[in-house]
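Let me begin by presenting the structure, written as structure tokens, before commenting on it.
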Amino acid sequence: MAQKAEQKLGRRVFAFAAPMFAQASAERILRAREILCEEIDELTLAMGELNELVIQGSEPGDERDAVARIELAARAYADAFVSVADFIASGERDELHVIDRMATFTAVSLPVDAVLRSGVSAMRSLSRQRGGARRTEAQAAATQTLPVLADTLGSKRVLSLVVKPLGERVR
């Protein structure tokens, strides 16, 4: 329930699909990072640039160039991964079997307090489902008028990256 509530708070910023290892030894992953370091660095830098824009409170239109750079970097990474996947996966027979999969990478801009908001929303939903008493308008008004300091983080955003491996092999 909290995840569904959190999804409603988010704004999708970008998404792409790229190959990744679903299973591999640590040595294989390190080997892949070494071989693909240029592509990984470019993708990381592009995502970092976009993250800074989101943190600064940019508008979606201001993010267009950064998103285009991410898409180019993701394409370069995917092409490089596919071209070296067999080489990276080759090795000893008694080593952990290497499994590569396509995955979706989705960045979502969320309020910094999204976890708290979604948790409260989920608790309210659960309370209603279990027959919990509804608050009266007077109770709701009393809660909203408690003396509190202004929320200085109210408009701040954070970029969340969601990675979902897909079921099919890359090759």
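The values are calculated or read from the model by the stated rules, or taken from the named source; none is laboratory data. Please read all numbers here as calculations on a predicted model, not as lab measurements. Because the Cβ atoms are built from the backbone with ideal geometry, glycine has one as well, and the counts that use them run over all protein chains shown. The accessibility values were calculated without ligands, DNA or RNA, using every heavy atom of the protein model including side chains. Shrake-Rupley method; radii C 1.70, N 1.55, O 1.52, S 1.80 Å.
A quick yes/no check of all residues on (1) touching a helix residue (DSSP H, G or I) at 6+ places or on another chain (Cβ under 9 Å); (2) at pLDDT below 60; (3) in a helix (DSSP H, G or I):
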| residue | (1), (2), (3) |
| --- | --- |
| Leu96 | yes, no, no |
| Asp100 | yes, no, no |
| Met123 | yes, no, yes |
| Leu146 | no, yes, no |
| Leu161 | yes, no, no |
| Glu168 | no, yes, no |
Please determine whether any residue of segment 31-45 is part of a helix (DSSP H, G or I), closer than 16 Å to Val108 by Cβ and under 16 Å from the mean Cα position of the chain (by Cα). no
Kindly indicate whether Ile40 is modelled with pLDDT of 85 or more, open to solvent by 50 Å² or more (accessible area, probe 1.4 Å), aliphatic (A, V, I, L, M) and out of contact with any Ser or Thr (no Cβ under 6 Å at 6 or more places or on another chain). yes
Output yes when any residue across segment 22-37 is modelled with pLDDT under 90 and in contact with a Lys or Arg (Cβ under 6 Å, 6 or more places away or on another chain), and no when none is. yes
Tell me which of these Val82 doesn't satisfy, since it passes every other one: (1) open to solvent by 50 Å² or more (accessible area, probe 1.4 Å); (2) outside any helix (DSSP H, G or I); (3) touching a Lys or Arg at 6+ places or on another chain (Cβ under 9 Å). (2)
For segment 53-63, how many residues meet the condition of being exposed (fewer than 12 other Cβ atoms within 10 Å of the Cβ) and at pLDDT 85 or above? 1
Could you count how many residues in segment 62-80 are more than 18 Å from the chain's Cα centre (by Cα) and under 20 Å from Pro111 (Cβ atoms)? 1
Scanning segment 1-14 for residues that are buried (at least 16 other Cβ atoms within 10 Å of the Cβ) and outside any loop (DSSP other than H, G, I, E, B), which turns out modelled with the highest pLDDT? Phe14
